[in-house]
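Undergrad: My questions will all concern the structure given below.
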Amino acid sequence: MDVKAVRSQFPILDQNVNGSPLVYLDSAATSQKPLQVIEAINAYYRLDNSNVHRGVHTLGTRATDKYEGAREKVRGFIDAKTTEEIIFTRGTTTAINTVANSYGRANLSEGDEIVITYMEHHSNIIPWQQLAKSTGATLKYIPLQSDGTITLDDVRETVTSHTKIVAVMHVSNVLGTVNPVKEIAAIAHENGAVILVDGAQAVPHMKVSVTDINCDFYAFSGHKMCGPTGIGVLYGKKALLEKMEPVEFGGEMIDFVNLYDSTWKDLPWKFEGGTPIIAGAIGLGAAIDFLEDIGLDEITAHENKIVTYAMAQLRTIDGLTTYGPKDRAGLITFNLDDVHPHDTSTVLDAEGIAVRAGHHCAQPLMKWLEVTATARASFYLYNTTDDVDRLVTGLNKAKEFFGDVF
């Protein structure tokens, strides 16, 4: 992969921040957008802006073709069987809430179990907490090993014949742990449960086949994979989605409305009430084209190289603690002794280096780690070893500064 050529496609990277060239190490929060995506959204608004599906005029037809064409691109990207299984949402959070509020409320009752892990993002915790409260179901957690991984033995002990839903993240946004979701799905199915996989941190960085995983639901966001904000995807097996009721009602998702009752459109449109996220879907389609032109295997290999180099360099800093397993996805969460991560991030920002600091929407995991917050450097296809060197230099400056203060 020609990283220099890749970087040239991201205009935001060609700038100085606080007097230094920008080093962007916050792609786990949101990735930057290539020209191809920016231009696709711009072209829609300049040339094709129209609502979709019902219009018979030329602009409406062009907008519909691009919108539904993006759905086909998503289907191929995650290896789903049909576009009927691809629901456009506002993001991962909306996708998970849709499953909890539609499938969950219809299929769970007192005595049933929902199983998740301690490493989940809040968007894959709170919907299940609320579902458990409203149905009387029990929320259970798969324990973590000391390195932040889970074992299949622990999965088997936690998932029982009373379990109705298993919800796990594919890749941890804090630890970088890559969970064995295919094997977890098999265990869930052996016990009669369905499985939802939060793929927000996986789909941008590695090849994902929902067919191979055999998950029942898979959720991810466009903005973490070079696409625009405000667009995401819920994949669901057709047989399950057909039985589920919509959770939003209004235009676009209806078949027929009379005074006292209504019927819904077929899949996937019954879950897409109101004017859909047209520009977002078109931008997501362009992002998929961009990533596939480069190759997901190439992206994965590049990130593995960067994170391996970064781990080795960070180990040279005395008093720096990293969290998570040895084998990880392309992010590193860390703390400097006696320095709050917000202070670390502030010093780095003064050097033009963008990292994330806080609890990363994973407060139960922070409690398990026995910290209140951490700093996180997350890498993507446009990062280089030079970026890592700048990070290390910045962290040493932070250490020296706060060492002098204290």
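Undergrad: Examine the stretch 78-85 for a residue that is within 18 Å of the chain's Cα centre (by Cα) and either acidic (Asp, Glu) or surrounded by fewer than 21 Cβ atoms within 10 Å (Cβ to Cβ) (or both), and state whether such a residue exists. I'd like the intermediate steps shown before the answer.
TA: Our first condition is that a residue be within 18 Å of the chain's Cα centre (by Cα); within the stretch 78-85, this holds for 78-80.
From what is left, the residues that are either acidic (Asp, Glu) or surrounded by fewer than 21 Cβ atoms within 10 Å (Cβ to Cβ) (or both) are 79.
There is at least one residue in the stretch 78-85 that is within 18 Å of the chain's Cα centre (by Cα) and either acidic (Asp, Glu) or surrounded by fewer than 21 Cβ atoms within 10 Å (Cβ to Cβ) (or both).
Undergrad: Would you call LEU144 buried (at least 19 other Cβ atoms within 10 Å of the Cβ), outside any helix (DSSP H, G or I), in contact with a Cys (Cβ under 9 Å, 6 or more places away or on another chain) and of a type outside the set (Gly, Ala, Ser)? Steps first, please.
TA: Details: buried (at least 19 other Cβ atoms within 10 Å of the Cβ): yes; outside any helix (DSSP H, G or I): yes; in contact with a Cys (Cβ under 9 Å, 6 or more places away or on another chain): no; of a type outside the set (Gly, Ala, Ser): yes.
Here the answer is no, as LEU144 does not meet what is asked.
Undergrad: Right, here's the next one. Please determine, by comparing only the residues of the stretch 339-363 that are within 23 Å of the chain's Cα centre (by Cα) and of a type in the set (A, V, I, L, M), which one is farthest from PHE379 (Cα to Cα).
TA: Across the stretch 339-363, the extreme among qualifying residues is ALA362.
Undergrad: Give the stretch 10-38 a look and list any residue that's over 21 Å from the mean Cα position of the chain (by Cα) and either in a strand (DSSP E or B) or acidic (Asp, Glu) (or both), or say none.
TA: ASP14, ASN16, VAL17, SER20, PRO21, VAL23 - these are the residues of the stretch 10-38 that are over 21 Å from the mean Cα position of the chain (by Cα) and either in a strand (DSSP E or B) or acidic (Asp, Glu) (or both).
Undergrad: May I pose another question? Could you list, in sequence order, all residues of the stretch 49-74 that are more than 24 Å from SER221 (Cα to Cα) and either of a type in the set (Gly, Ala, Ser) or surrounded by 16 or more Cβ atoms within 10 Å (Cβ to Cβ) (or both)? Can you show your working first?
TA: Of the stretch 49-74, the ones more than 24 Å from SER221 (Cα to Cα) are 54-62.
Passing the criteria: GLY55, GLY60, ARG62.
Undergrad: Could you please find all residues in the stretch 323-350 being farther than 28 Å from ALA301 by Cα and in contact with a Leu (Cβ under 9 Å, 6 or more places away or on another chain)?
TA: LEU336, ASP337, ASP343, THR344, VAL347
Undergrad: Now for a different question. Would you check which residues across the stretch 147-164 are crowded, with 19+ Cβ neighbours inside 10 Å and part of a loop (DSSP other than H, G, I, E, B) and list them? Spell out the reasoning first.
TA: Step one: of the stretch 147-164, the residues crowded, with 19+ Cβ neighbours inside 10 Å are 148-150, 155, 158-159, 163-164.
Residues satisfying the conditions are GLY148, THR149, ILE150, VAL159.
Undergrad: Considering (1) surrounded by fewer than 23 Cβ atoms within 10 Å (Cβ to Cβ); (2) touching a helix residue (DSSP H, G or I) at 6+ places or on another chain (Cβ under 7 Å); (3) within 20 Å of ILE96 (Cβ to Cβ), say which one VAL178 fails and leave the rest.
TA: (2)
Undergrad: Please enumerate the residues belonging to the stretch 279-296 that are crowded, with 21+ Cβ neighbours inside 10 Å and either among the basic types (Lys, Arg) or over 20 Å from the mean Cα position of the chain (by Cα) (or both).
TA: none
Undergrad: ALA5: surrounded by 12 or more Cβ atoms within 10 Å (Cβ to Cβ) and among the small types (Gly, Ala, Ser), yes or no?
TA: Working: surrounded by 12 or more Cβ atoms within 10 Å (Cβ to Cβ): no; among the small types (Gly, Ala, Ser): yes.
It is false that ALA5 is surrounded by 12 or more Cβ atoms within 10 Å (Cβ to Cβ) and among the small types (Gly, Ala, Ser).
Undergrad: Right, here's the next one. So which of ILE165, ILE125 ends up being β-branched (Val, Ile, Thr) and under 17 Å from the mean Cα position of the chain (by Cα)? Walk me through it before giving the result.
TA: Values: ILE165 fails: under 17 Å from the mean Cα position of the chain (by Cα).
One residue alone meets the criteria, ILE125.
Undergrad: Is there any pair linking a residue in the stretch 26-47 that is over 14 Å from TYR67 (Cβ atoms) to one that is among the acidic types (Asp, Glu) and outside any loop (DSSP other than H, G, I, E, B), with Cβ under 6 Å and at least six apart or on different chains, and which?
TA: none
Undergrad: Just the residues that are among the hydroxyl-bearing types (Ser, Thr, Tyr) and under 23 Å from TYR45 (Cβ atoms), please, taken from the stretch 246-280.
TA: From the stretch 246-280, those among the hydroxyl-bearing types (Ser, Thr, Tyr) are 260, 262-263, 275; that's our starting set.
THR275, the sole residue that qualifies.
Undergrad: May I ask you to list the residues in the stretch 317-350 that are among the polar types (S, T, N, Q) and either crowded, with 16+ Cβ neighbours inside 10 Å or at pLDDT below 95 (or both)? First the steps, then the outcome.
TA: Here is the first cut: in the stretch 317-350, the residues among the polar types (S, T, N, Q) are 321-322, 333, 335, 344-346.
Within the stretch 317-350, THR322, THR333, ASN335, THR344, SER345 meet the criteria.
Undergrad: I want to confirm something. Restricting to the stretch 24-70 and keeping residues that are out of contact with any Ser or Thr (no Cβ under 7 Å at 6 or more places or on another chain) and acidic (Asp, Glu), which single residue is nearest to ALA281 (Cα to Cα)?
TA: In this case the residue turns out to be GLU68.
Undergrad: I would also like to ask the following. Can you pull out every residue in the stretch 112-139 that is assigned to a strand (DSSP E or B) and crowded, with 19+ Cβ neighbours inside 10 Å?
TA: Our first condition is that a residue be assigned to a strand (DSSP E or B); within the stretch 112-139, this holds for 113-117, 138-139.
If the condition is that a residue be assigned to a strand (DSSP E or B) and crowded, with 19+ Cβ neighbours inside 10 Å, then GLU113, ILE114, VAL115, ILE116, THR117 are the ones that fit.
Undergrad: Return the only residue of LEU175, LEU196 being touching a residue at least 60 places away in the same chain (Cβ under 8 Å), in the same structural domain as ILE78 (by TED's automatic domain parsing), more than 12 Å from the chain's Cα centre (by Cα) and assigned to a loop (DSSP other than H, G, I, E, B).
TA: Residue meeting the stated conditions: LEU175.
The values are calculated or read from the model by the stated rules, or taken from the named source; none is laboratory data. Since the model is a prediction, treat every value here as computed from it, not as a measurement. Reconstructed Cβ throughout: ideal geometry from the backbone, glycine too, with neighbour counts over all protein chains shown.
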